[in-house]
1. So, in the range 356-367, of the ones that are out of contact with any Asp or Glu (no Cβ under 7 Å at 6 or more places or on another chain) and under 14 Å from Asn329 (Cα atoms), which residue ends up surrounded by the fewest Cβ atoms within 10 Å (Cβ to Cβ)?
2. How many residues does the range 344-363 contain that are at pLDDT 90 or above and farther than 17 Å from Glu411 by Cα?
3. Which residue pairs have Cβ atoms under 9 Å apart, sit 6 or more places apart or on different chains, and have a first residue in the range 80-101 that is free of Cβ contacts under 8 Å to residues at least 12 places away in the same chain and a second that is among the hydroxyl-bearing types (Ser, Thr, Tyr) and surrounded by fewer than 16 Cβ atoms within 10 Å (Cβ to Cβ)?
4. Residues that are among the aliphatic types (A, V, I, L, M) and assigned to a strand (DSSP E or B): does the range 288-304 have at least one?
5. Within the range 314-349, track down each residue that is within 20 Å of Phe298 (Cα to Cα) and outside any helix (DSSP H, G or I).
6. What is the one condition in (1) at pLDDT 90 or above; (2) more than 25 Å from Glu402 (Cα to Cα); (3) assigned to a loop (DSSP other than H, G, I, E, B) that Asp311 does not satisfy?
7. Answer with yes or no whether Arg319 is surrounded by 12 or more Cβ atoms within 10 Å (Cβ to Cβ) and of a type in the set (D, E, K, R).
Amino acid sequence: MPHRYLERQLKKLHLSAERAPDLSGWQKFLAMVSEAYETFDRERKLIERSLELSSKEIQERWDSMQANQRLQNAILAASLGAIVLIDANGYITEFNLAAEKMFGYERKDVLGASFLEKLFPEALRSQVTHEFAEIMENRVPKRIELQSVRANGDEFSIELSAAPVPVEERFLISMYIRDLSEQKQMTRKLEEQQAIVVTSSKMAALGEMAGGIAHEINNPLAVINSLSSQLEEIMQEPEIDRELVKEMTVEIVKTTDRIAKIVNGLRSFSRDGSRDPLVPTNVKQVIDDTLSLCRERFYSSQVRIDVSDFDPTLVISARAVEVSQVLLNLLSNAHHEIAGFQDKWIKVDVRKNSDSVEVAVIDCGPGIPAEVQRKLFQPFFTTKEVGKGTGLGLSISRKILENHGGSLRYETAQNHTCFVLKFPILEKNITKDLSHAS
């Protein structure tokens with residue numbers, strides 16, 4: 001027991017070390033000494049217990065940290081995606097098993113190495129550096145699609161999700177990497193298959209209209225044949241009527257132009273335009289070329305076709321072949337649906353809005369039931385009888401319009417069946433330039 005503590009207790013009893021206490025005073029003194037000793041002993045035991053608990057807690061925490069590390073290593077190893085950790089200087093601090101398989105490196109060979117040099121081709125390193133500088137500066141995750149490089153030098157596409165991770169007083173960047181090679185290959189195959197389907201759809205449409213197109217060409221050929229015979233007779237007369245010859249030759253030129261227009265429309269429609277660039281395209285020209293392929297068929301079916309008045313210099317950014325395909329598909333659908341009507345008509349209505357150009361194809365039908373509207377643009381859905389349609393027309397048409405930055409919709413506000421093609425409007429200067437060129 002501390003000496004100062006005893007002195008304080010003696011003073012409470014009015015005792016000192018030089019003065020002999022009486023018996024009762026010593027009894028009180030001994031009692032207080034005993035109490036003080038017991039208090040001291042309890043405190044000693046508490047301290048020992050605390051030290052014992054602290055040691056146990058430290059061990060438990062260490063064991064927990066070890067268990068967490070083992071769990072982290074197990075998660076990294078089991079992850080199907082490549083996981084790479086880098087520090088603020090771009091050096092690799094972790095490289096899991098999936099990353100080893102993806103890039104062809106062993107973990108021990110890349111730890112401490114620059115991730116730029118190991119994972120990216122030289123031409124892209126400045127871009128990647130910029131992207132990661134933004135991640136560290138803004139402290140926000142980012143998803144990037146890039147070209148990466150394997151240990152053998154082969155380049156391949158990846159999707160990289162990078163996020164800053166706070167560790168004590170510093171930041172690491174965690175990268176989850178997905179190999180897109182297989183996905184890209186599948187996308188290419190799907191595009192090729194879709195191109196085949198589109199071509200088949202176009203050929204089917206042309207097949208349906210073949211009779212009308214043949215008639216559309218035969219008529220002007222008959223006119224040319226007749227005029228040529230008349231010219232031959234005129235040339236045998238002693239006096240040639242030059243004015244009559246001039247009129248007949250002008251008519252022949254006009255008729256051959258009509259045939260050329262049909263042939264050009266056929267040639268344009270039948271080619272694959274999916275890889276063509278989006279270029280300023282005259283709306284009237286596309287509509288005229290499309291109608292040249294089906295006008296005779298509609299005429300023979302007693303279907304009246306009307307086109308609204310609009311600015312003939314109106315221009316959109318488009319692939320003319322694909323727009324013609326969509327229009328022809330809608331016109332063919334309309335022709336099929338109104339076959340049983342008495343007064344059959346189809347109207348093409350062109351509207352220019354502040355930010356778009358809309359081309360509406362309207363027919364005399366009463367509209368499409370609500371339960372069918374919900375399925376209109378689903379692949380393989382068709383209301384035609386078996387053998388008359390694949391159900392791919394509208395789904396492909398919508399995709400084509402979306403690739404143009406526009407849309408294809410069914411217009412419910414109309415009293416008749418109406419589909420609307422919407423295209424973003426071109427800048428005024430581009431439209432003006434093309435108008436002058438026209």
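The values are calculated or read from the model by the stated rules, or taken from the named source; none is laboratory data. As the structure is a computational prediction, the values presented were derived from the model and not from experiment. Reconstructed Cβ throughout: ideal geometry from the backbone, glycine too, with neighbour counts over all protein chains shown.
1. Val361
2. 2
3. That search, which allows pairs on different chains as well, returns Asn89/Ser114.
4. yes
5. Hits for the range 314-349 are Ile338, Ala339, Gly340, Phe341, Gln342, Asp343, Lys344, Trp345, Ile346, Lys347, Val348, Asp349.
6. Tallying (1) at pLDDT 90 or above; (2) more than 25 Å from Glu402 (Cα to Cα); (3) assigned to a loop (DSSP other than H, G, I, E, B), Asp311 fails exactly one: (2).
7. yes
Conditions tested, residue by residue: (1) in the same structural domain as Gln127 (by TED's automatic domain parsing); (2) surrounded by 10 or more Cβ atoms within 10 Å (Cβ to Cβ); (3) touching a residue at least 60 places away in the same chain (Cβ under 8 Å).
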{"residue": "Asp154", "(1), (2), (3)": "yes, yes, no"}
{"residue": "Ile158", "(1), (2), (3)": "yes, yes, no"}
{"residue": "Ala162", "(1), (2), (3)": "yes, yes, no"}
{"residue": "Arg170", "(1), (2), (3)": "yes, no, yes"}
{"residue": "Met175", "(1), (2), (3)": "yes, yes, yes"}
{"residue": "Gln193", "(1), (2), (3)": "no, yes, no"}
